[in-house]
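Some notes on the structure that comes next.
The values are calculated or read from the model by the stated rules, or taken from the named source; none is laboratory data. Keep in mind that this is a model prediction, so the values were computed, not measured. With ideal geometry, Cβ positions are generated from the backbone for all residues, glycine too; neighbour counts draw on all protein chains shown. The protein model used for the area step is the full one, side chains on, heavy atoms only, and it has no ligands, DNA or RNA in it. Shrake-Rupley method; radii C 1.70, N 1.55, O 1.52, S 1.80 Å.
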Amino acid sequence: MGKVQIRKVKILKSVSKHPYSEILLRIFPGEKTPRHFHREFSESFRIISGALELGVGDKTYILRTGDEMTIPADEIHYFHNIWGEECMVQVRVEMGNKNFEKALLLLSSLHASGWIAKDGSPRRFKDLALFVYLNNSFSIGVRSWFEPFLWYVAKRAIAKGYLEEQLKAHDDVV
């Protein structure tokens with residue numbers, strides 16, 4: 001019997017047909033995001049299974065199965081799976097954002113091919129640049145100094161067809 005591939009991301013509702021994006025996201029133990037914010041949309045998290053640490057502003061919350069929380073646009077936040085089991089999260093982005101959907105599909109493709117570090121971040125610089133650029137994520141502090149360079153690298157990768165190549169490479173997984 002062949003290897004069964006676990007999906008990292010599943011688009012439930014796309015902005016191409018709805019006014020919002022709704023995504024099922026599997027967050028593995030140890031995965032996290034740095035503190036960041038999104039200018040173009042709010043982000044809602046609903047825990048399907050497991051638990052997730054969610055930092056919003058200066059506060060930290062523990063969300064468990066059934067819990068929901070919405071992060072408004074421009075609000076600094078992060079998430080971190082500090083438990084030993086995966087967490088399934090339904091993420092809703094309003095207003096919907098096609099690039100955010102592509103960013104998560106890219107992440108799924110990279111995960112399937114082994115190009116994701118244990119903390120959930122892309123291992124290759126070009127992939128990190130694409131992910132940050134596509135998901136409308138803005139860093140705070142020193143990390144924000146590098147964003148113009150990341151965007152430059154991402155735009156070049158898109159222009160050269162790298163993003164579409166990555167998304168097609170694991171079409172069966174994403």
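Data for the structure
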| item | result |
| --- | --- |
| Euclidean distance of C-alpha centroids, region 1-75 and region 96-111, integer Å | 12 Å |
| Per residue, in Å², the accessible surface of the chain once ligands and nucleic acids are set aside, probe 1.4 Å | 54 Å² |
| Value of [θ]222 nm, deg cm²/dmol, for the chain, DSSP H segments ≥ 4, -39500 (n - 2.57) each, nearest 500 | -8000 deg cm²/dmol |
| Listed candidates (1) 38, 21, 15; (2) 33, 29, 14; (3) 22, 20, 16 - label of the one calculated as semi-axes √(5λ) of the Cα gyration tensor in Å | (3) |
| Extension gain, Phe146 back to Glu85 (0.36 nm per residue minus Cα-Cα distance, nm) | 18.7 nm |
| Inter-label distance, nm, simple model (7 Å from Cα along the C-beta direction), Lys160/Arg35 | 3.4 nm |
| Charge dipole magnitude, Cβ of K and R +1, D and E -1 - the chain, Cα centre, debye nearest 20 | 520 debye |
| Rounded percent of accessible protein surface that carbon and sulfur make up, region 10-71, 1.4 Å probe | 47 percent |
